[in-house]
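The values are calculated or read from the model by the stated rules, or taken from the named source; none is laboratory data. All values derive from a computational prediction rather than experimental measurement. Positions of Cβ are generated from backbone atoms using ideal geometry, with glycine treated the same way; all protein chains shown enter the neighbour counts.
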Amino acid sequence: MTLIKIVLVIGVLGIAALLVRHHGTNRGGAYAKIGLGVFLVFAAYAVVRPEDVTWVAGLLGVGRGADLVLYLLVIGFGFFAISTYLRFKELELRIARLARALAVSDAQRRDQTLATDGERPTAAPAELGDEEFRSASSRRK
């Protein structure tokens with residue numbers, strides 16, 4: 001086995017070690033871990049026996065094994081990009097809902113505090129335009 005093969009196999013094993021570590025969440029991660037595990041086994045095998053990858057590429061109608069690996073990486077990257085985009089969109093939605101809930105809670109708490117102090121509560125920011133809200137909040141200060 002050549003030096004580059006040893007380095008590549010150690011790299012694959014390092015990625016596998018990161019894969020099996022617990023990262024605090026299991027939601028939707030099982031399929032991704034299984035897929036990455038299969039890919040890592042394929043990667044290690046391709047490093048050790050590249051002629052077999054070329055043989056499989058020939059069966060599939062691809063000229064070289066390196067081309068087959070490239071095509072598979074393009075498909076894998078597309079899956080990763082779409083998955084990451086969808087995850088970020090979900091997180092943005094969750095953050096927006098949390099911010100709304102926090103704003104409503106803060107406004108309710110502020111109105112309760114003003115009501116117990118004997119002051120008249122003002123309308124919430126959603127009920128006022130920007131200019132009206134700024135003038136109402138500057139009067140309170």
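State all residues of the range 43-55 that are more than 17 Å from I10 (Cβ to Cβ), hydrophobic (A, V, I, L, M, F, W, C) and surrounded by 14 or more Cβ atoms within 10 Å (Cβ to Cβ); if no residue qualifies, say none.
Correct list: V53 only.
Can you tell me which residue among A81, A66, A96 is small (G, A, S) and either at pLDDT 95 or above or touching a Lys or Arg at 6+ places or on another chain (Cβ under 6 Å) (or both)?
A96
Being at pLDDT below 90, surrounded by 12 or more Cβ atoms within 10 Å (Cβ to Cβ) and within 33 Å of the chain's Cα centre (by Cα) narrows it down to one of P121, P125, so name that one.
P125
Under 7 Å between Cβ atoms, which residue pairs at least 6 apart in sequence (or on different chains) link something in the range 77-96 that is on the phi > 0 side of the Ramachandran plot with a partner that is of a type in the set (S, T, Y) and in a helix (DSSP H, G or I)?
No pair meets every condition.
With the structure loaded, tell me whether L40 is among the hydrophobic types (A, V, I, L, M, F, W, C), within 24 Å of I6 (Cα to Cα) and at pLDDT below 85 or whether it fails that test.
When the stated conditions are applied, L40 does not pass them.
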